[in-house]
Amino acid sequence: MMAAERALRAGTEGALPLVARGARVLAVGSRIVGRRLLDLALPPVCCVCERPLAEDVGLCMPCWSRLTLIERPYCERLGTPLAYDIGPGALSAAAIAEPPPFGRARAVCVHDEISRALVHGLKYRDRLELAPLMARWMLRASDGLVHEANLIVPVPLHPRRLWRRRFNQSALLAREIGSQADRPVLLEGLQRIRATPRQVGLDAAARAANVRGAFKVDGPHRAALEGRRILLVDDVVTTGATLGACVRALVRAGAASVDVLTFARVHNR
């Protein structure tokens, strides 16, 4: 009897993994079929020009070739492209003349026609499916900043603007980066306490004055930030005024250091 019981138990235990594997194969197959049916109903197109694509979200080759990626050599502090390689730790003239309040900044690409279309698609056209793609590129461009950070924090919107827009694109990017890199994200810690006019059309001095004192960290979240290395996430950096105001608020709240990661940055050649 004991031998028979052992044989029966062994046979049952051997069958369970086969059943589990069969269920997994069936689930994967269902997802593939579902995606193919969706592609037939809504064929995937380029995020910018709407040419047909083989993948569900991305850029066609002509648009990809027009995206100006930021690659080395670049300024170690600002992350801005350099005309030529001057060695490790190279700093741009702007970083030397006016050191930023943050440690290091990195961006995927220069703010140009293609990157603007992606940012505006996410920000103004509710193309939320762009967030995972843009976050994946930001993770690759971060030069290790994501994995060095203890906490990821997005640049916040004022509550009135958030109500009108319904979502914060920077928070979407921060959440996606945290999910892909398995890093914690603090969405509500940094707050925009003053509704500021739009920065478009303002020079650097006016932008800085516009956002001065516009951000703070409320009391309950200070403990989460104290002594931590923070990665501040936004979609685009222009002059850095908004990011600078956010960084100062985080440092006042006790952050040990703050680095910056954006999808695009304006680069004046």
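The values are calculated or read from the model by the stated rules, or taken from the named source; none is laboratory data. Since this is a predicted model, take the numbers as computed values, not measurements. Cβ: placed from backbone, ideal geometry, glycine included. Neighbour counts: every protein chain shown. When the accessible area is computed, the model is the full protein with side chains, heavy atoms only, and any ligands, DNA or RNA have been set aside. Shrake-Rupley method; radii C 1.70, N 1.55, O 1.52, S 1.80 Å.
Observations on the model:
- Scanning region 109-145 for residues that are aliphatic (A, V, I, L, M), within 20 Å of VAL247 (Cβ to Cβ) and open to solvent by 10 Å² or more (accessible area, probe 1.4 Å) yields a total of 1.
- Flag if ALA264 is of a type in the set (A, V, I, L, M), in a loop (DSSP other than H, G, I, E, B), surrounded by 19 or more Cβ atoms within 10 Å (Cβ to Cβ) and modelled with pLDDT of 95 or more: no
- Selected residue [touching a residue at least 40 places away in the same chain (Cβ under 8 Å) and either of a type outside the set (Ser, Thr, Tyr) or crowded, with 20+ Cβ neighbours inside 10 Å (or both)] from GLU148, GLU76, GLU98, GLU71: GLU148
Residue-by-condition table, conditions (1) closer than 24 Å to GLU176 by Cα; (2) modelled with pLDDT of 85 or more; (3) among the small types (Gly, Ala, Ser); (4) in contact with a His (Cβ under 6 Å, 6 or more places away or on another chain):
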site	(1), (2), (3), (4)
ARG207	no, no, no, no
ARG222	yes, yes, no, no
GLU226	yes, yes, no, no
LEU231	yes, yes, no, no
ALA241	no, yes, yes, no
GLY244	yes, yes, yes, no
ARG248	no, yes, no, no
ARG252	no, yes, no, no
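- Of all residues making up region 123-145, the number that are in contact with a helix residue (DSSP H, G or I) (Cβ under 7 Å, 6 or more places away or on another chain), within 27 Å of ALA256 (Cα to Cα) and either free of Cβ contacts under 8 Å to residues at least 24 places away in the same chain or basic (Lys, Arg) (or both): 1
- Residues of region 86-95 satisfying the condition of being surrounded by 14 or more Cβ atoms within 10 Å (Cβ to Cβ), over 24 Å from the mean Cα position of the chain (by Cα) and not in a loop (DSSP other than H, G, I, E, B): ALA94
- All positions within region 156-193 that are open to solvent by 10 Å² or more (accessible area, probe 1.4 Å) and aliphatic (A, V, I, L, M): LEU157, LEU162, ALA171, LEU172, ALA181, VAL185, LEU186, LEU187, ILE193
- Flag if ALA83 is assigned to a loop (DSSP other than H, G, I, E, B) and open to solvent by 60 Å² or more (accessible area, probe 1.4 Å): yes
- Region 222-246 - residue that is over 17 Å from ALA205 (Cα atoms) and part of a helix (DSSP H, G or I) and, of those, most open to solvent (accessible area, probe 1.4 Å): ARG222
- Residue count for region 41-68, restricted to those that are loosely packed, with under 14 Cβ neighbours inside 10 Å and on the phi > 0 side of the Ramachandran plot: 1
- Cross-chain or 6+ apart pairs with Cβ under 9 Å, region 185-197 first and under 21 Å from LEU225 (Cα atoms), then of a type in the set (Phe, Trp, Tyr) and buried (at least 17 other Cβ atoms within 10 Å of the Cβ): LEU190/PHE215; GLN191/PHE215; ARG192/PHE215; ILE193/PHE215
- Residue tally, condition out of contact with any Ser or Thr (no Cβ under 8 Å at 6 or more places or on another chain) and assigned to a strand (DSSP E or B), over region 247-261: 4
- Residues (charged (D, E, K, R) and under 16 Å from GLU71 (Cα atoms)) located in region 94-135: ARG104, ARG106, ASP112
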